[in-house]
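All remarks here apply to the structure that follows.
The values are calculated or read from the model by the stated rules, or taken from the named source; none is laboratory data. Just so we're clear, the structure is a prediction, and the values are computed from it rather than from any experiment. We place every Cβ from the backbone using ideal geometry, glycine too, and count neighbours over all the protein chains shown. Note: areas computed on protein heavy atoms with side chains; ligands, DNA, RNA excluded. Shrake-Rupley method; radii C 1.70, N 1.55, O 1.52, S 1.80 Å.
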Amino acid sequence: MNTTNDKNDSAGIRISRRNLLAGAAAATVVLVQTAQGKAFQAALTQAENMSDDPTKVPGVPPGTLGTRSAFEKPVKAPSDTSSRTPLQDLYGTITPSDLHYERHHGGVPAIDPAKYELVIHGMVDKPMVFTLADLKRFPSVSRTAFLECSGNYRGSNDGKLRPQEICGLVSQSEWTGVKLSTIFREVGVSPKASWFLAEGGDAAVMTRSVPVKKGFDDAIIAYAQNGEAVRPEQGYPARLFLPGWEGNASVKWLRRIELSDAPFMTREETSKYTETVAGGKIRQFSFTMDARSVITYPSYPAKVEAGWIEIRGIAWSGRGKIARVEVSTDAGKSWKTAALQEPILDKAITAFRHLWQWDGNPTEIMSRAVDETGYVQPFLKQLLAARGGNMGYHFNPITAWYVQKDGQVLFKAT
Amino acid sequence: MRENTIRYSIWSVLAMLLLVAAVKRENHFGRTNKTLGDTLDWPKSFGFGKKASAKQIAAWDIDISPDGKGLPAGEGNVSRGREIYALKCAACHGATGTEGPNDRLVAAPDSAGKSSGARRIKSIGNYWPYATTVFDYIRRAMPFNQPGSLTDQEVYSITAFLLNANGLWDDKNTLNAKNLPKVKMPAQDKFVPDDRIDGPEIK
C-alpha cells in the first residue's frame, strides 16, 4: 500500500543488475552512473532490444514516450514547400500527428508559447490581445475533421504514383480549441463586419481573408491536435481551423485577426489559391473542398493475388457528410455501394470497404464519393470540361488503379 | 488513531454545514455573487485577455487594402528598384523576372491566355488583380531568406520596378501611397467569386 514508484524502480534496477552480472541477457536496461554515483536505468529502444525469441528476454521497461515499432516506417514525402501524408500506409481515419501533411510558405517557425499573443482588432467593440493561457480559459470544443490543401492533385503517365503523391495533402485530426464565435462574442464584432483577415506569425506572415459568417459558423482557434498541443508544423501554439475549407485559409501560427467590411486581397487569395475556369475567368475565394475519395488498398506500389481482396479507402467532403461511396471493379462500367465505417462525421474523412473477388484478369478499380448534398465526385475529363480545359486548384477527380495480370497495381488517370 | 480520525471528520462536517448555512443566509439577504454560481449560461464577457493597445496593433497591422489603406509614407522609383532587385531578388526570380527558378514575376499582359503545360503562366502583369498586393507581399515576406528586412522606400522601388517590367508603370514616375492603388491591373476584370453551390453540379 505504501509502496512508491521509487521503490518499484529500485527493485527493477536490482533485477537488472542481477541479469547483467550473470551475463544472462541481452540488456534491455543498462545502468548508468550519475555524477553523484547514483545508478539509474536507461532503456534501450525496441530496435536495440531485438531478439529471435522475445519470450526469453526481458522487454523494454516503461518509458516517458511511446515509440513506433521499428518494423513500421511510414514517412511523409517532402518537397521544398510541402510534405505529403502516406495515405497508403495508414488505417482508419485519424492521421498520426507526425504524419499530418505540411504546407507552409516560409518554413515552420519556432514560437515560445509563453510569448505567444493573438491580437484581434478592426471592426470590433473591444480590440483585445489574448495569450495562449487566455485562449485555453475560454469554453473549449473538440472536433474531428479533415484538412486538405486545395492544390491536392498530381497525375502521371507511368502509373507509378502512390495515394501519397496523388492526394497526400489531406489529413485528419481531432482538433481542440476555442470556437472563433466565442472570441468574436468576447470582443464584440460589429454587425457591419463581413470579412476578417487571419495572419500567421511565420516568416511569410501568411494572410487570408475569411468571411465573418464562417467565423460564427464553425471556425476554431485550435491549440490541440489528437490530444496534445498542436504540432509546430501544424501551427503551434495556435492556429485557425476552418472545417471543410481549403487548408490555406486555416492560417497557422495565428497572431492577428482584423475585422473589416471587405476582403483584403492578399497574395495568397489573388495570385495563388485561385483557379482559371471556363471563359478565361479566374475563380476566387473558392473555399469549400469538393467531395473526394481514393482507394488506398490496393494501390501502387501494392501487388495483389487473385482471390478475395478487401478494397479499402477514404472519402471526405467539405460540404458535409459522406452519403455514399461507390466502387467499380470493371473500369467504371458498373458501380456498387461500399460499406461505410461509422462514425460518419460532418466534413470528416470516412473509411469505406468493399469486398472483391479478383479473377486474375487485368482490370481497373476506382471509387467515387457522393456527399449529403448530392455532389458526385467527377472523372478527370468531366472536371476539365467544366473548367474550360484548365487544371489547377480544387481538382478532385476519381482515382483509378489499373490491376495488371501479374497483380501489380498502377495509377491510372480518369 | 481511528477514533481521532472519526472525531475530526465529525467536526469537519459540522464546520462545513455552518459554512453552507452562512453562505445561504448571505444569499437570502440578496448579497449573492452570481459569478460564483455553476451555470451553462455564458456571461456577457468572460473578461479574459487584455485590451490591445494602439501601439501593439500598429506594430502588427501591416496589411494593405486594394484602396491603398495601410500604405506607408515614402516613395520609390524604377531605377533604384532595378538595383535592389538585382541584388536581392534576381537569384530566385531571374535577371528579368522571367527565368526563375522561383515564381515568375514578369510576363506581357497579353500572355494571360498562353499556357505552360496545363497551367497558365501566372505573373504580376497578367494575373495579379491589385498592385497594392505586390507592395504588401514584398514587404511582409520578401526576400525569402531575409523576410521583412526591406525598408518602405525599398519596397516602393522594387514594386515600381516590377510594375514597370510588366509594362504597367512609367520609369520616370515615382511610386507612392497615392498613385499605387490607382494602377489598373490587366487581370482584375477576370476575377469572379466562387459560384459553386451544394449539389450535383460539377464546376
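With all protein chains in place and a 1.4 Å probe, the accessible surface of the stretch A:82-273 carries 48 percent carbon and sulfur. Net charge dipole, the stretch A:82-273: roughly 200 debye, given to the nearest 20, about the Cα centre with Cβ charges of +1 for Lys and Arg and -1 for Asp and Glu.
Counting, for every residue in B:185-197, the Cβ atoms of other protein chains within 10 Å of its Cβ and taking the mean gives 5. Between their Cα atoms, which of A:136/A:192; A:272/B:88; B:122/B:184; A:214/B:69 are more than 19 Å away from each other? Exceeds cut-off: A:136/A:192; A:272/B:88; A:214/B:69. Considering only B:91, B:149, B:76, and ranking their Cα positions along the charge dipole of the stretch B:63-203 that arises from unit charges at the beta-carbon of Lys, Arg, Asp and Glu, the one farthest toward the positive end is B:91. Residues whose amide H lies under 5 Å from that of residue A:395, counting only those 5 or more places away or on a different chain, are A:152; hydrogens are built 1.01 Å from N in the peptide plane. The residue among A:71, A:107, A:349 whose Cα reaches farthest toward the positive pole of the charge dipole of chain A, with charges on the beta-carbon of Lys, Arg, Asp and Glu, is A:107. Between amide H atoms placed 1.01 Å from N, distances below 5 Å from residue A:244 occur with A:146, all of them 5 or more places distant or on a separate chain. Of the GluC sites (Glu not before Pro) found in the stretch A:248-322, those that fall in a DSSP loop while having at most 11 other beta-carbon atoms within 10 Å are A:305.
On the basis of the beta-carbon distance and an R0 of 22 Å, residue B:201 and residue A:335 show a calculated FRET efficiency of 0.65.
Free of any trypsin sites (Lys or Arg not before Pro) that DSSP assigns to a loop and that have at most 13 other C-beta atoms within 10 Å, the longest stretch within chain A is A:193-332. Placing +1 on the Cβ of every Lys and Arg and -1 on the Cβ of every Asp and Glu, with nothing else charged, gives the stretch A:267-414 a dipole about its Cα centre of roughly 380 debye. Amide H to amide H, with H built 1.01 Å from N, residue A:323 comes under 5 Å of A:370, A:371, A:372, counting only residues 5 or more places away or on other chains.
Seen from all directions on average, chain A presents a Cα convex hull projection of 27.0 nm². A convex hull fitted around the alpha carbon atoms of the stretch A:82-273 yields 111 Å³ per residue. The trypsin sites (Lys or Arg not before Pro) found in the stretch B:142-190 that occupy coil by DSSP, while having at most 13 further C-beta atoms within 10 Å, are B:172, B:178, B:184.
Tell me, what is the FRET efficiency for residue A:140 and residue B:172 to the nearest 0.05, using R0 = 51 angstrom and their Cβ-Cβ distance as r?
0.30
With the convex hull drawn over the C-alpha atoms of the stretch A:49-162, the volume per residue is 245 Å³. Couplings 3J(HN,Hα) of the stretch A:297-309, computed from phi: 8, x, 8, 4, x, 5, 10, 10, 10, 4, x, 6, 10 Hz, in residue order, whole Hz [Karplus 6.51 cos²θ - 1.76 cosθ + 1.60, θ = phi - 60°; x for Gly and Pro]. Over the stretch A:343-414, the reciprocal of the mean inverse Cα-Cα separation, the Kirkwood hydrodynamic radius, stands at 14.5 Å.
For the stretch A:379-387, the Karplus equation 6.51 cos²θ - 1.76 cosθ + 1.60, evaluated at θ = phi - 60°, returns couplings of 6, 3, 5, 5, 5, 4, 5, 6, 10 Hz by residue, with Gly and Pro reported as x. Peptide A:280-289 has a mean shielding of 5, counted as Cβ atoms of other protein chains within 10 Å of each residue's Cβ. Protein heavy-atom accessible surface, 1.4 Å probe, per residue over the stretch B:63-190: 46 Å².
Across the stretch B:66-82, rounded Karplus estimates of 3J(HN,Hα) from the backbone phi angles (6.51 cos²θ - 1.76 cosθ + 1.60, θ = phi - 60°) give x, 7, x, 4, x, 5, x, 5, x, 7, x, 9, 4, 5, 5, x, 4 Hz, Gly and Pro being marked x. Round to the nearest 0.05 the FRET efficiency obtained for residue B:192 and residue B:55 when R0 = 41 Å and r is the Cβ-Cβ distance. Rounded to the nearest 0.05, the efficiency is 0.55. Given in Å, the Rg to one decimal and the Dmax to the nearest whole number for the Cα atoms of the stretch B:63-190 are 13.6, 42. What range in chain A is the longest one free of chymotrypsin sites (Phe, Trp or Tyr not before Pro) that are in a loop by DSSP and have at most 11 other Cβ atoms within 10 angstrom? Longest run free of exposed loop sites: A:92-414. Ordering A:232, A:193, A:247 by the projection of their Cα atoms onto the charge dipole of the stretch A:82-273, which places +1 on the Cβ of Lys and Arg and -1 on the Cβ of Asp and Glu, puts A:193 at the extreme positive end. Past the 18 angstrom mark, what percentage of all C-alpha to C-alpha distances in the stretch B:146-203 do you count? Cα-Cα pairs of the stretch B:146-203 separated by over 18 Å account for 53 percent. In vacuo Debye scattering of the stretch A:181-332, one point per C-alpha: log10 I(q)/I(0) at q = 0.13, 0.19, 0.21 Å⁻¹? Here the Debye-derived log intensity ratios amount to -0.76, -1.20, -1.34.
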